[in-house]
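The values are calculated or read from the model by the stated rules, or taken from the named source; none is laboratory data. These numbers come from a predicted model, not from an experiment. Methodologically, a virtual Cβ is constructed for each residue, glycine included, from the backbone with ideal geometry; neighbour enumeration extends over all protein chains shown. In case anyone asks, the SASA skips ligands and DNA or RNA and just uses the protein heavy atoms, side chains included. Shrake-Rupley method; radii C 1.70, N 1.55, O 1.52, S 1.80 Å.
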Amino acid sequence: MSGHYDVIVIGLGVMGSAAAYHLAKAGQRVLALEQFELDHRMGSSHGESRIIRYAYTHPLYVQMAHESFGLWRALEQASGKRLMVRTGGFDFGEPESPTLRQTRQTLEATAIPFEWLDSQEAARRFPQFKLEPHMVALYQPDAAYLAASACVIAQAELARTLGADLLFETPVVRIEPLQDRVRVYTADRVHEADKLVLTGGPWMGKLLGALDLPLPLQPTREQIVFFEPHDSALFTPERCPVFIFHSPTWFYGLPNVDGSGVKIGIHCNNEPCDPDRVNRTPDRAYIERVQAWTRQYVPLAAGKVKEARVCLYTMTPDEHFVIDRHPAYPQIVFGAGFSGHGFKFGNLIGKLLADMALGNQVSYDLNLFSLARFRQSA
Ligand SMILES: Cc1cc2nc3c(=O)[nH]c(=O)nc-3n(C[C@H](O)[C@H](O)[C@H](O)COP(=O)(O)OP(=O)(O)OC[C@H]3O[C@@H](n4cnc5c(N)ncnc54)[C@H](O)[C@@H]3O)c2cc1C
């Protein structure tokens, strides 16, 4: 048996490293356990970049984006690292696209500045993109990219500096809720704490299932492709916005970050997988599908494929997150089902989970993220 902690955090992706950071900052005795090494490639939070944006269809995400931008800036201050680079955001597609129209209405309703461009104006301002004549674009100037791996490392290092114990390559094999605390078992030790924060990413279905809380959390195998652009000057973060193509299949992309190439992928390719048994070799057919789309809509980026990678999402049926407390064990709080769009809110969600664990007031109506919604729909 190791010492007694105030809070144990399981999983050190963007959510868990943020929770450990905010808990340590609040003066808690924190133990954080991660099955792999820091910044490993097996889950959802690694790599050069993730999009952060206001352009959402639901106002709660716009509200959360507000605080998230501020928290990432504060983390840059605290870590002395550059973690967020402003690029602007370019959402485009058919004028009647339901998600593009709803995004426009939500930004109007939340007073977030944006421009609505026709294809000619879009071509003049953003020569990277080739819209069909009837297509439109929504440009939002505050969007940016987050240096994903650097964000996770900064949160973990600050948590450690603030006194947290972080154990890597230490898989949790069992969780035992007790009356007023929790016991957490690893291969050779038992740890105890008053509270538990569970942020196991694609493994959350298994972790919560073992706590008699089966939820509709589906890990999916996702892929991304990095292109050597034909015109590299056009695809630097200073010139190229992060972009999303609104259609029944969403394509998204980011500028060439640190020479990694222009990153383009399909949002939610919907290929269910078991996180412990994933084919990590990208599919030729997928790469060709993304190449064809890129040649049509971002032709100056469609050069040689530099690299392709596999990464994991955890999908919920409605693509909204699950941030809640275990109904039978209130000392256990968790964040799961980030459905391919959680990173931007990672710092904030870590803070919310820390506040929930400590019984502090949370300043958001989190009903949209409650697990009760699955019971109602069952
Ligand atoms: C290709 C791709 C592109 C994306 N693009 C964007 C984007 O542009 N913008 C955006 O906002 N979001 C994006 N996302 C989504 C975002 O990256 C995820 O929502 C986020 O990283 C989820 O973080 P997490 O901490 O929940 O999961 P993870 O990073 O997977 O962390 C969970 C951790 O728990 C650990 N763990 C699990 N079980 C155990 C155990 N038993 N014992 C110990 N440790 C355990 C795992 O090893 C892992 O490190 C993208 C995701 C992918 C895959």
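What figure, in Å² to the nearest 10, do you get for the accessible area of Thr281 with a 1.4 Å probe and non-protein molecules left out?
90 Å²
Between Val173, Leu31, Gln155, whose Cα lies farthest towards the positive end of the dipole of the chain when Lys and Arg beta carbons carry +1 and Asp and Glu beta carbons carry -1, centred on the Cα centre?
Gln155
As a check on your grasp of the helix formula, calculate [θ] at 222 nm for the chain: sum -39500 (n - 2.57) over DSSP H runs of n ≥ 4, divide by the residue count, round to the nearest 500.
Helices in the chain give a 222 nm mean residue ellipticity of -8500 deg cm²/dmol.
Ordered by packing density, taken as the mean number of other Cβ atoms within 10 Å over each peptide's residues, highest first, how do 190-196, 28-34 rank? Before the final figure, lay out the partial values.
Working: 190-196: 20.0, 28-34: 24.0.
Packing proxy ranking, top to bottom: 28-34, 190-196.
Under a 5 Å amide H to amide H cut-off, with H placed in plane at 1.01 Å, what residues pair with Glu307 once short-range neighbours are removed?
Phe226
Taking amide H positions as placed in the peptide plane 1.01 Å from N, state which residues far from Thr57 in sequence (5 or more) or on other chains have amide H under 5 Å from it.
So Thr57 has HN proximity to no qualifying residue.
Tell me, what HN-Hα J-couplings in whole Hz come from the Karplus equation 6.51 cos²θ - 1.76 cosθ + 1.60 at θ = phi - 60° for each residue of the stretch 343-351, using x for Gly and Pro?
Using θ = phi - 60°, the values come out as 4, 4, 9, x, 4, 5, 5, x, 5 Hz.
Excluding ligands and nucleic acids, what accessible area in Å² is computed for Arg125 using a 1.4 Å probe, to the nearest 10?
Probe radius 1.4 Å; accessible area of Arg125 about 80 Å².
Express the relative contact order of the chain as a whole percentage, based on alpha carbon pairs under 8 Å and six or more residues apart in sequence. Display every interim value, and only then the final one.
Details: 864 pairs, mean separation 89.1, N = 378.
Value for the chain: 24 percent.
For the chain, take the longest principal axis of its alpha carbons; what is the angle in degrees between that and the long axis of helix 14-25, to the nearest 10 within 0 to 90?
In the chain, helix 14-25 runs at an angle near 50 degrees to the longest axis.
For helix 284-297, report the angle its Cα long axis makes with the longest principal axis of the Cα atoms of the chain; keep it between 0 and 90° and round to the nearest 10°.
50 degrees
Counting only C-alpha contacts under 8 Å and six or more residues apart, can you give the relative contact order of the stretch 85-208 as a whole percent? Walk me through the numbers before you get to the answer.
Working: 136 pairs, mean separation 26.1, N = 124.
Once normalised by length, the contact order is 21 percent.
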